[in-house]
Structure formats: C-alpha cells, structure tokens
1. Helix A:264-287 against the longest principal axis of chain A: what's the angle in degrees, Cα atoms only, rounded to the nearest 10?
2. Would you mind telling me which residue in B:THR160, B:THR235, B:THR215 has the biggest mean-square fluctuation in a Gaussian network model of chain B, where springs connect alpha carbons within a distance under 10 angstrom?
3. Compute the separation of the alpha-carbon centres of the range B:187-241 and the range A:264-278 and state it in Å as a whole number.
4. Give, in nm to one decimal, the length gained when the segment between B:ALA224 and B:VAL252 is fully stretched (0.36 nm per residue of separation minus the Cα-Cα distance).
5. What list of ³J(HN,Hα) values in whole Hz, one per residue of the range B:64-80 in order, does the Karplus curve 6.51 cos²θ - 1.76 cosθ + 1.60 (θ = phi - 60°) give from phi, with Gly and Pro shown as x?
6. What FRET efficiency, computed as 1/(1 + (r/R0)^6) with R0 = 45 Å and r the Cβ-Cβ distance, is obtained for A:LEU139 and B:LEU84, rounded to the nearest 0.05?
7. With an 8 Å Cα cut-off and a minimum separation of 6 or more residues, compute the relative contact order for the range B:195-281 in percent.
8. What angle do you read, to the nearest 10 degrees and between 0 and 90, between the alpha-carbon axis of helix B:93-104 and the longest principal axis of chain B?
Amino acid sequence: MNGTALRSAATVVALSIQEGIRRRVFLAVLVLTLAFLALYGLGAHFAFRDVDEFAAGEPKILDPHAFTGATIFGLAMFATLFLGAVLAVFLTLGVVRGDAESGLLQPIVVRPIGRTTMLLARFAGAALLSAAYVVAVYLASWAITEATGHWSPDHLLGPALGLALGVAIIAALSLLASTVLSVTAQGIVVFMVFGAGLTAGLLAQIGHAINSDSLHTIGRVASWALPFEGLYAAGLHGLISGTSGLTGVVLQLGPFGGSEAAGPELIGWAFLYLIGVLALAAFVFSRRDL
Amino acid sequence: MAAPVLAVSQLQKRYGSQDALAGVDLEVEAGQLVGLLGPNGAGKSTLTKIACGLVRPSAGRVEILGRPAGSVEARAALGYLAELFRFPGWLTAAELLRFHQRLVGSEGGQAERQHLLDLVELGDAAGKRIEAMSKGMQQRLGIAQALVGSPRLLLLDEPTSALDPVGRRIVRELLEEMRRRGVSVLLNSHLLSEVELICDHVAIIARGRLVKAGTPQELAGPTAVVVETGSGVKTFEGAVRDDAPAIVAELVAGGERVYGVEVRHSSLEDVYLEAVGGETG
C-alpha cells in the first residue's frame, strides 16, 4: 500500500469515526456501557458479600471467594464479547451491498482509493474501535472485580488480547457477509454465526465435563472453524489457569470456565483466518458489479 | 495524435442471457461534450459504470486517456455523478467536498471548495448539512463533488433529473464552462432539448447498440419550406429558413396567392424516436 492509498484509507477511517461521533453512536455506546458496568459493580459487590457471609466458618474444600470472582468475571467477559460483537457488526453493517444499493458507495470507489483499500479501511476502523472497546470494558470489569472482591484473574492481559482479536474476526466475517448479503440478512447471519460459535463452545465444555469425546471434538472443530469462540474459551481458561485443586476443576467445568489454553497454534490460526476472511471479502468485492 | 479522453471499443455486457450492451463503439475527444441518449434500459448507465470501473465488461475495451477503465490512473482522471446517489446526510456540503479532496489528493483546499460551490450556486450552503438540502441542491452538490480535483473527464448520469428549470440552466452553463476549460463530458440524459442545446456530439443507444451518432446538426437532417397557396400546398425540400422570403416572392410573382409559410426540420426528438423505434423502458 503506497502513501496515497494510506492517506485515502485514513480518510475513510476518519469518516467512519466522525460519523459515530456525529450520529451519537459512541455516546449511546458509552452510556449503555456505563450502565452495564454499574450493574456489574452492584452484582459483584453483593455476590462477594453474600458468599463471604455464607461461607464464613465452613470447612473450605472449595474456595468460594475465588469461585465467585472467576464466575462473575467470566460472565463479564461473556458480556464484553457480546457487546464488542454488536459494535463490530453495527460498524460494518451494509458496508458493501447495503451502501451500494443506497448509492453511498459508488462516489467513493470511483476515486483512486479503489475497492480493496476502501474495504480494508472500513475493517481497520471497525476492528480498532471494537478491539479498543472490549479491552477497555474488560479492564474496567477487572477493576470493579478487584475493588469489590479483591480478586484478580490468574492472567489479566492475555484474555483481553484474545477478546480483541475475537471481535476483529467478527468484524471481518461481517464485512465478508456485507459483500453478498443485504443489510438485514447480514446482521442476522453474523449474529447466528456468533451464537452458533458460542453454543459450540458450551458443547465442548459439557463434553469436557461429562468426558464425552464426541462433544469435545465438535467443540474443538467449532473453535477452529470460528476462532473467535476458541479465543474466548482460551481467555476464560486464562482467568483460572493458575487456580488449583477442586476450585480449579469446578471452575473449568462451569459455563464460564475454559478447558483449553490458547496455544500458539490457535493464535497463529486466528491471524491466518482473519487474513483469509479479509482476502475473500476483497476478492468478492472486486468481482462485484456496483 | 493524442488518444481520445474516452475510448469505448466493441463493449459488451451480459447479465445472464440479457445483453445490456452488445458491441458499442464510442469516443469522446478532449473538450467534447457528448450526449448519450436512449430509452430506459438501453445500456447508457451500464456504459457509464463500466467507464468508472463500477461494472466489469463481458467483452470489449474502455480506456480513459489510454489507461484501462477501472485502473487507478483512469479513476484519477474522472469525475462521476451516478443517477442514483446518496451522500452521508450528516456531512455539510464543504465537508463532503473536503472528504473527496482527500480521496483524490487535491490540494485545492478551501479555495477549490468555495469555487466549486459557487459554480453550482451553492456558495451560501457550504455549512449546510446534506440531509437538510433539497434533492435539487444535492444533485448540484453531486456535480460539484464530481469536479473535485479538476478531472479531465466528467461522467454524468442524468445530472438534471431532480432539477427545476433554473437548476437546469445552472448545470447547462456549468457544462459549457467545462467545455471552455477543455474538460470532456459524457452526459446521459432523457432531456433531448437540453442535449440538443449543449452537446457537440450525440450518440443514441437502443437495446445495447449504438443506433445513431453525430452532431445535433447532422442528426437533425434535411429541412423544408412548406407554402400553402391558392392552388394547394407546395413543399420545397432542402430549403432552409433563409430561403423562405425568396420562395414566397417567386410564388407571388408567378401569380400564386400565399396563405401561409412553414419552415420544417426534423428535431432531435424526431431523430431519436425514429432511431429507437418508439421503444421505452
């Protein structure tokens, strides 16, 4: 990409950000996120207080404080991924077919910027904003958890980066969908794929819990087919990977526990997958009559 | 000899079994204003979109200043306004032009923006949001947007469809100004009178084929003077308006009583209707 293309790409990214500010999208996201964090803070406060009171004086075969911290923080991580996915999808909604049908796209792509640069610029804008958003919400959730229950995950940064890469993949999948689907169909398909990925992850968890190889295999295949799920599950694992004993086992089997760490294979595959999805989106877009 | 600004050669476009364009040849020279006429669905917009790189041809070639249509160099040389277009409504007129200046790498800055807005008589609307503009204002802004970066070729698809008579006059004067500056224009329009008034060359497309082309004068065909006399209607084929007094004087001198005189010529509309066979899309 030469200097002119980079400048054009930056112009398109800036336009997307400007639109988010002017249309008060970011303001709405900020208000709702603050509401979520306030609710989470309230929930975390009462969860830690009640568990500490309930478990006081009881023999400790399971660490209730760690169990509570990991569970509610896992829930916060799920909510963060969901909110990040919503943001990624809405920032890429109708980027190709939708904008082409409304006549917004043509005046831009006839300029020297070209289709691929335009598409990558829209991806960069959506992915960077969504990734920054999930990292910020994740860290805010951690700060709340630490402040209310004095509990921190075993690994703090790795899961955050996994979430960031996960929403970038969702943004890329959404862009790919936008090259062939109308706006409504794009939104429906991407959210169904997102839901399918998370369901497959839960199946893998159940498979792990009941020692079912078939379910576990299904979950693993889904994690590789939709790596945002694998990254999320690995992030959950990272929260409790240093927790030993019965507490660690029980947490791994729970809905917000992850049984597998993010090895270099998964991270490498996630990057390859992202590049592949973007290349496919650019190819489909380049062949499309506008 | 310099390459034509726009050269279309044996251009074909098929959508399934439907031929949108079936081998069209067309050239637009520097500073030439070419009107592209044809019924709805004739292939005019498809041709324009192929020239912009928005649609891929099935066969044939389109070159802009000798570079293949759709290439970066070709796109850098053109300005385009689609028939159906939309700009982000939350932008102001000046912001839209600034956005396109950045996309084409224009360094014209504020002076260029104001000049373009003045050209389309939107000089006072620089700070107005697009969503608050009438369709006609948006169409004039679209033309200003197409002119950002001083393109060598303007491709305008029905640029006056939403304009009132005053707006059309503004665009007509603007196109004449572009011609004076040496900018080439390919104008798709249904408004035959407008095309007849301002275009140097007219091409008529029907069913994806070029069925007639030439200057408006060449296409207008022969004229005639028709005189209603006491002994019946006499038609003088090939005679023009300036011949009418002499014809009348000769008839009167010959003892004829003259009741009426009519100068006839086939208008572009007659030529168009004959060329497309009354077809409408």
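1. The answer is roughly 30 degrees.
2. Most flexible of the set in this elastic network: B:THR235.
3. 65 Å
4. On the way: separation 28, 0.36 × 28 = 10.08 nm, distance 1.87 nm.
Going from the current span to full extension adds 8.2 nm.
5. 10, 6, x, 10, x, 4, x, 6, 4, 5, 5, 5, 5, 9, 10, x, 9
6. That pair, A:LEU139 with B:LEU84, gives E of 0.50.
7. 30 percent
8. Tilt of helix B:93-104: around 80 degrees.
Coordinate-derived values only; no laboratory data. Here the structure is a predicted model, which is why all the values come from computation and not from measurement. Please note: Cβ atoms are built from the backbone with ideal geometry, for glycine as well, and neighbour counts cover all protein chains shown.
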